[in-house]
Amino acid sequence: MNCAFVTGAVINTGAAIVEKLAAEGRNVVFTGRDAAKVAAAEAGYRAKFPEVSILGYAIDSHTPEGVIDENSVLRMFEALDEKGIFIDALVLNAAHLGLNQTFLESPLSDFLAVLNTNVTWNYCLAREAAKRMIPRGGGSITFINSITAYRTVTERTAYITSKGGQLGLMRSLALDLGKYNIRVNAVLPGNIRTRRWLENPEFYASNPGCRTPLGDVAEGADIADAVWYFISAARNTTGAELVVDGGNNIQMFPN
Ligand SMILES: NC(=O)c1ccc[n+]([C@@H]2O[C@H](COP(=O)([O-])OP(=O)(O)OC[C@H]3O[C@@H](n4cnc5c(N)ncnc54)[C@H](OP(=O)(O)O)[C@@H]3O)[C@@H](O)[C@H]2O)c1
């Protein structure tokens, strides 16, 4: 059975991507870290999209000791193999946001945790997925990156570094995997209206990132539409970046 695979998809943007894929008739495997939340999300998706197969999987990028957990990635892909599930579209959405870290004071371990989740873990996931796509004639890998890979914000050194590194990983994989018909691309959101947004309305009301040329920021569904383009329609596109930011990136200053 062919499936798309979305990481970090219990809530927010990842959930919107699962819903878009399922609405388009795709079977979906998704991940979250908390088994109970994964089970609840799985039940919700199955009730909403009974015509497709939806499977949740609880997995963390790190072991409890804080070490990047390649073995759990290997075990997860082997478990999918045993169920006859083939991932033909990998969507790397999960991210360590690296909030509340400061360059001058935070320990190196905080920086590495962000890099490990956002770059190293995705490297492991992409490698296991690609190994299985190659004998089946190809597939697609889509990173949910961030406009902050180019336009920095204060006190987010680890996150911004990781998103820059992710684009390097994306381009490198696009080059190395193109000959196997595996397309590797990135969606670059500006601000997305997530649950955090709804819980902090004052913060976002004064956030200059909201003053976009289009006058609005992205919904999760807008990011999901961009993902769907890369998965379903972009036959000759690899190594590409699709910005979904209301036009923010073109401004010298927010207007
Ligand atoms: N929100 C924005 O304004 C914005 C802007 C630009 C780019 N983006 C990017 O868009 C993507 C989605 O953003 P979002 O705001 O929807 O994210 P989010 O709500 O913070 O969700 C991120 C997901 O990543 C998972 N995750 C975090 N740490 C993890 C770890 N150590 N191991 C495994 N999974 C982990 C979380 O899993 P749990 O469910 O288990 O907590 C969560 O489901 C991210 O790549 C983000 O960088 C977001």
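The values are calculated or read from the model by the stated rules, or taken from the named source; none is laboratory data. Source: prediction; values computed, not measured. Here the Cβ positions follow ideal geometry from the backbone for every residue, glycine too, while neighbour counts run over all protein chains shown.
Might you let me know whether the stretch 157-174 holds any residue that is basic (Lys, Arg) and either within 9 Å of the ligand (Cβ to nearest atom) or outside any helix (DSSP H, G or I) (or both)? So far as the stretch 157-174 goes, yes, one or more of its residues are basic (Lys, Arg) and either within 9 Å of the ligand (Cβ to nearest atom) or outside any helix (DSSP H, G or I) (or both).
Exactly one residue out of Val18, Val10 is hydrophobic (A, V, I, L, M, F, W, C), closer than 21 Å to Arg183 by Cα and within 20 Å of the chain's Cα centre (by Cα): that is Val18. Against the definition (at pLDDT 95 or above, crowded, with 17+ Cβ neighbours inside 10 Å and at positive phi), how does Gly8 come out, yes or no? The answer is yes for Gly8. The condition (being away from the ligand (no atom under 16 Å from the Cβ), modelled with pLDDT of 95 or more and either hydroxyl-bearing (Ser, Thr, Tyr) or buried (at least 20 other Cβ atoms within 10 Å of the Cβ) (or both)) is satisfied by just one residue among Ser61, Ser53, Ser72: Ser53. Condition first: more than 16 Å from the ligand (Cβ to nearest atom), over 13 Å from the mean Cα position of the chain (by Cα) and surrounded by fewer than 18 Cβ atoms within 10 Å (Cβ to Cβ). Can you find one or more residues in the stretch 92-102 that meet it? So far as the stretch 92-102 goes, yes, one or more of its residues are more than 16 Å from the ligand (Cβ to nearest atom), over 13 Å from the mean Cα position of the chain (by Cα) and surrounded by fewer than 18 Cβ atoms within 10 Å (Cβ to Cβ). Check whether at least one residue in the stretch 124-132 is in a helix (DSSP H, G or I), within 17 Å of Ile192 (Cβ to Cβ) and not aromatic (Phe, Trp, Tyr), and report yes or no. No, the conditions are met nowhere in the stretch 124-132. Regarding Lys20, is this residue of a type in the set (D, E, K, R), outside any loop (DSSP other than H, G, I, E, B) and near the ligand (Cβ under 7 Å from one of its atoms)? No. The condition of being β-branched (Val, Ile, Thr), under 20 Å from Ser172 (Cβ atoms) and within 10 Å of the ligand (Cβ to nearest atom) holds for only one of Val187, Val217, Val244, that being Val187.
The set of residues in the stretch 142-165 that are small (Gly, Ala, Ser) and in contact with an Asp or Glu (Cβ under 8 Å, 6 or more places away or on another chain) contains only Ala158. Condition first: near the ligand (Cβ under 9 Å from one of its atoms), out of contact with any strand residue (DSSP E or B) (no Cβ under 6 Å at 6 or more places or on another chain) and either touching a residue at least 40 places away in the same chain (Cβ under 8 Å) or in a loop (DSSP other than H, G, I, E, B) (or both). Now tell me which residues in the stretch 29-50 satisfy that. Listed by number, the residues that qualify are Arg33, Asp34.
I'd like the residue in the stretch 24-50 that is hydrophobic (A, V, I, L, M, F, W, C) and surrounded by 15 or more Cβ atoms within 10 Å (Cβ to Cβ) and, out of all such residues, is farthest from the chain's Cα centre (by Cα). Filtering first and then ranking leaves Phe49.
Entry remark, the stretch 51-102: residues being assigned to a strand (DSSP E or B) and under 17 Å from Phe143 (Cβ atoms) number 6 in total.
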